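Structure first, then comments.
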Amino acid sequence: MKNFARYAIAAVALTAALPAAEANAAVLVVNVAGAQGFGALGTAANTVRTYNVGAGSTITGISYNVNITARGGSYLSEAALLFSGSNANGDGVAFTPGFEDANPGTATYTGSADLVDLGLSFVVGADGLLRLEYYETFTDGLLPDSIWNSGTLTFTYTPTATGAVPEPATWAMMLMGFGMAGYGLRRRARSVRVTYA
C-alpha cells in the first residue's frame, strides 16, 4: 500500500506541474512598423502581411501597443486593420485602435480583447494563413492616410491538434491507473508459488 500512495502523490504532483488547458494557446507577435493604409479595404497599395499559424487554427485574442499617425485631413479613428484568414471576404475582425479620436496627428494605443468573450473568434483556412490588411475607413486624399509607426500586435490562437493530447487531469488518471496496475502486478508476483512434483 505504501507504493500505491507514492504513485498517487506523484500523479497529483504531476497534475500541479502540468500547465492548464489554456497552455494549448499559442502566441504570434507582429511588428506593425511601416504598415500603411492608403484607402478602403482592398486598395492595392494597402500594406498586407500574412503569417502562418497552422491550418484550422482559431484566433482567440489580440493585445496591442501601437503608435499611429493620421496624415492631412485623415482622422486617427480612420486607421484600421482587418485580420482574417487568407480569404479577406471570409471570417475576420476589423480593428480600429483610435476609434474615438476624430482628429489627425500621432497617438499611441494600448489594450486587449478576448475575441472568444466578444463572439469574434474565427478559424483560419486550410492554408493556415492569418492575413493582416492595414487600411483606411475614409480616404482623404493625402496618401498614405495612415502610417503605423511602431509597436506590436499580439495574437493568441489555438492550433488545431494534430493528435490527441490528454488534458492534465487525464494524465493524472492515467498515471494513477498505471501505478495501481504496477502495484497489483508486483503484489501478485509475490504471492505466486511454484510447486515441483
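For this structure, a couple of remarks:
- The residues neighbouring Asn103, those whose beta-carbon lies less than 13 Å from its own, together hold a net charge of -3 under the Lys/Arg +1, Asp/Glu -1 convention.
- Summarising the amide proton neighbourhood of Asp101: residues at separation of 5 or more, or on other chains, whose placed amide H is nearer than 5 Å comprise Ser77.
- Selection among Ser121, Val48, Thr139 by position relative to the dipole of segment 32-158 gives Val48 as farthest towards the positive end (Cβ unit charges, Cα centre).
- In this rough spin-label picture, where each label sits 7 Å from Cα along the Cβ direction, the Thr110-Ala55 distance is 4.0 nm.
- Taking a Cβ cut-off of under 10 Å around Asp140, the surrounding Lys, Arg, Asp and Glu residues balance to a net charge of -2, with basic ones at +1 and acidic ones at -1.
- In Hz, Karplus ³J(HN,Hα) per residue of segment 54-66 (6.51, -1.76, 1.60; θ = phi - 60°; x = Gly, Pro): x, 3, x, 5, 9, 7, 10, x, 9, 10, 8, 8, 10
- Under 5 Å, built H, 5+ apart or other chain: amide partners of Ala26: Tyr157, Thr158
- Couplings for segment 43-49, taken from phi via the Karplus curve 6.51 cos²θ - 1.76 cosθ + 1.60 with θ = phi - 60°, read 5, 4, 7, 4, 6, 10, 10 Hz in order; Gly and Pro are left as x.
- Gyration tensor analysis over the Cα atoms of segment 32-158 returns equivalent ellipsoid semi-axes of 25, 16, 12 Å (largest first, whole Å).
- Summed side-chain charge close to Ser77 - residues other than Ser77 whose Cβ falls under 10 Å, Lys, Arg +1, Asp, Glu -1: -3
The numbers here are math on the coordinates, done by the rules we state, and not lab data. The structure displayed is predicted, hence computed values, not measured ones. Neighbour counts are summed over all protein chains in view; Cβ atoms, including those assigned to glycine, are modelled from backbone coordinates with ideal geometry.
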